[in-house]
1. Is it the case that some residue within the range 70-85 is over 14 Å from the mean Cα position of the chain (by Cα) and within 17 Å of TRP216 (Cβ to Cβ)?
2. Just one of (1) in contact with a Ser or Thr (Cβ under 7 Å, 6 or more places away or on another chain); (2) loosely packed, with under 14 Cβ neighbours inside 10 Å trips up VAL109, so point out which.
3. Quick check on my filter: what residues within the range 90-103 are surrounded by 19 or more Cβ atoms within 10 Å (Cβ to Cβ) and out of contact with any helix residue (DSSP H, G or I) (no Cβ under 8 Å at 6 or more places or on another chain)?
4. Across the range 153-173, what is the number of residues that are under 16 Å from PHE6 (Cβ atoms) and in contact with a Ser or Thr (Cβ under 7 Å, 6 or more places away or on another chain)?
5. If ASP82 satisfies every condition in (1) at pLDDT 80 or above; (2) surrounded by 15 or more Cβ atoms within 10 Å (Cβ to Cβ); (3) over 22 Å from ILE213 (Cα atoms) but one, which is the exception?
6. Give the number of residues within the range 171-216 that are under 19 Å from VAL130 (Cα atoms) and assigned to a helix (DSSP H, G or I).
7. Residues in the range 146-166: is at least one of a type in the set (Val, Ile, Thr), under 30 Å from GLU74 (Cβ atoms) and free of Cβ contacts under 8 Å to residues at least 60 places away in the same chain?
Amino acid sequence: MGVALFDMDRTLVRKDTASLYVRYQRDVGEAGWRDAVRVGWWLLQYTFGAIDAERIAEQALAGFRGKEERWMVEHCTTWFRDYVLPHVSLRARETVDRHRARGDTLLIVTGATRYAAEPLARELGIEHVVCTRLEVDDEGRFTGQVVKPMCFGDGKITLTEAYAASHDFAIDEATFYTDSITDRPLLERVRTPVAVNPDGRLKRLAANRGWSIERW
């Protein structure tokens, strides 16, 4: 049995879930066009690997400070069903099913939060999720802070290795599917890196390293 790690945005899901969430917020009257432009700018920086993830997270989370965690869970349940589910890749489903048939341990490893990732994990039958964690106070309300490290860059290795150690498996035997050059540290850590719908920098790196390139 092996281990299969899956990024979420532009990998399991063909779109950026952050942009899909802003679309949902606009449709329900919680966000305007300025919010959409701001998220679009962040995603552009992310694509080119030029983003200060912690600073952006603090800005993005400011509006959630004081809101109840259960509010976010309820929001994301509806959002996932109506806005994300139509964009889940058929090829992703087939790949997940193939690894499951082999008896592999399956994980989503994403810079998104559990509120975005867990509905997808349930849909695909993936038991494990490693993600960015949001700080919640004793009353179950968001503080507006991220629990460090974020699941981004080197932080993905830190969090995934810690999770693997507590669940008795090793990531150095894993296959990792992702679209982004920002995941280079984890791609170089696993046994089998796979570039899925890769951005330009990852596509060049994968070609130079002889890594598999797939279109989902």
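1. Residues of the range 70-85 over 14 Å from the mean Cα position of the chain (by Cα): 70-79, 81-83, 85.
Narrowing the set further to residues that are within 17 Å of TRP216 (Cβ to Cβ) leaves 85.
Yes.
2. Failed condition: (2).
3. First pass over the range 90-103, keeping only residues surrounded by 19 or more Cβ atoms within 10 Å (Cβ to Cβ): 92, 95-96, 99.
Hits for the range 90-103 are THR95, HIS99.
4. 2
5. Of the numbered conditions (1) at pLDDT 80 or above; (2) surrounded by 15 or more Cβ atoms within 10 Å (Cβ to Cβ); (3) over 22 Å from ILE213 (Cα atoms), the odd one out for ASP82 is (2).
6. Number satisfying all stated conditions: 10.
7. Our first condition is that a residue be of a type in the set (Val, Ile, Thr); within the range 146-166, this holds for 146-147, 157-158, 160.
Cutting the leftovers down to under 30 Å from GLU74 (Cβ atoms) gives us 146-147, 160.
Now narrow it down to the ones that are free of Cβ contacts under 8 Å to residues at least 60 places away in the same chain: 147.
Scanning the range 146-166 turns up at least one residue that is of a type in the set (Val, Ile, Thr), under 30 Å from GLU74 (Cβ atoms) and free of Cβ contacts under 8 Å to residues at least 60 places away in the same chain.
The values are calculated or read from the model by the stated rules, or taken from the named source; none is laboratory data. If you're wondering where the values come from, they're calculated on a predicted model, not measured in any experiment. So basically every Cβ, Gly included, is an ideal-geometry build from the backbone, and we count neighbours across all protein chains shown.
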